[in-house]
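I have placed the structure first, in the form of structure tokens, so that the comments after it can refer back to it.
The values are calculated or read from the model by the stated rules, or taken from the named source; none is laboratory data. Owing to the predicted nature of the structure, the values given are computational and were not obtained by experimental measurement. No Cβ is skipped: glycine too gets one built from the backbone with ideal geometry, and neighbour counts run over all protein chains shown. Just so you know, the surface numbers come from the protein's heavy atoms only, side chains and all, with ligands and any DNA or RNA stripped out. Shrake-Rupley method; radii C 1.70, N 1.55, O 1.52, S 1.80 Å.
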Amino acid sequence: MTPGHADLLLVVDVQVDFMAGGALPVPDGDAVVAPINALQTKFGQVALTQDWHPPGHVSFAAHHPGRAPFERVRLPYGDQTLWPSHCVRGTPGAAFAPGLDTGFADLVVRKGTHFTVDSYSAFLEADRTTRTGLAGALRERGVTRLTLCGLATDFCVLWSALDARDAGFAVVVVEDAVRGIDAPSPAGGSVAEAWARMAAAGVHRVRMAEID
Ligand code: VGL
Ligand code: ZN
């Protein structure tokens, strides 16, 4: 594929807390930084997302007495996986990963900012009602195709890809510029399940070498 004027690269949650040694490390997460820096030079438009939670956020296990990270609870909007406290707004863990080139992007989207609602998606929060405004911003810029990279394949990349399809964008995910958490799931792990769901939604899976 050759990125043109209607293409935008969306770099999802490449943040300190998702790197090795962070609060919620994604296995091999550090490995996305170099390919993403290379990808950014190929796109005329780049946007970055940041998971950006208030202290004591509802997605943190610490918010639920007696509950542990990676357990699931029922919240008013549906099932919620509980996480270690991570990406607390304005803290070092919420910063972009060291080494990520942040100079190409002219748009930064922060999500998960509301105390009682999580948001894996860069478009639509977990209540499936509250919008971040990203779809409108992209439309105003004439973007019709999004290329996604970053973390995590099976959470924020997955949900952002599906919501981007729902919002009418063509969506591409770069398989060697994403990494997943890979929680156990009936379908053989949440990364395999994520790729299947994305394929079913018409998301194109490409490798770095296929992008000019
Ligand atoms: C993410 C779990 C919790 C992600 C964010 O960026 O994929 N995963 N918050
Ligand atoms: Zn989060």
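Within region 44-136, the proportion of Cα pairs with more than 21 Å between them is 35 percent. Dipole magnitude for region 1-135: about 320 debye, using +1 per Lys or Arg Cβ and -1 per Asp or Glu Cβ, origin at the Cα centre. The share of accessible area on the chain that comes from carbon and sulfur is 55 percent, using a 1.4 angstrom probe. Surface exposure of region 89-212, expressed per residue as accessible area with a 1.4 Å probe, stands at 45 Å².
Suppose R0 equals 25 Å. What FRET efficiency, 1/(1 + (r/R0)^6) with r the Cβ-Cβ distance, do ARG141 and THR2 give to the nearest 0.05?
0.85
Region 187-205 and region 13-55 have Cα centres spaced 20 Å apart. In percent, rounded to a whole number, the relative contact order of region 84-159 is 19, using alpha-carbon pairs under 8 Å and six or more apart. Once the chain from ASN37 to ARG128 is taken as fully extended at 0.36 nm per residue, the excess over their C-alpha distance is 29.6 nm.
Distances between every pair of Cα atoms in the chain, grouped in 10 Å steps from 0 to the bin holding the largest one, split as 9, 37, 39, 14, 1, 0 percent. Based on Cα atoms of region 23-67, Rg over Rh with Rh as the Kirkwood radius reads 1.16. Using a simple spin-label model with pseudo-atoms 7 Å out from Cα toward Cβ, ALA20 and ARG207 lie 2.4 nm apart.
The modelled label-to-label distance between ASP101 and ASP166, using points 7 Å beyond Cα along the C-beta direction, is 3.4 nm. Using just its DSSP H runs of length 4 or more, each adding -39500 (n - 2.57), the chain gives a mean residue ellipticity at 222 nm of -4500 deg cm²/dmol after division by all residues. For the chain, the relative contact order comes to 24 percent (Cα pairs under 8 Å, sequence separation of at least 6).
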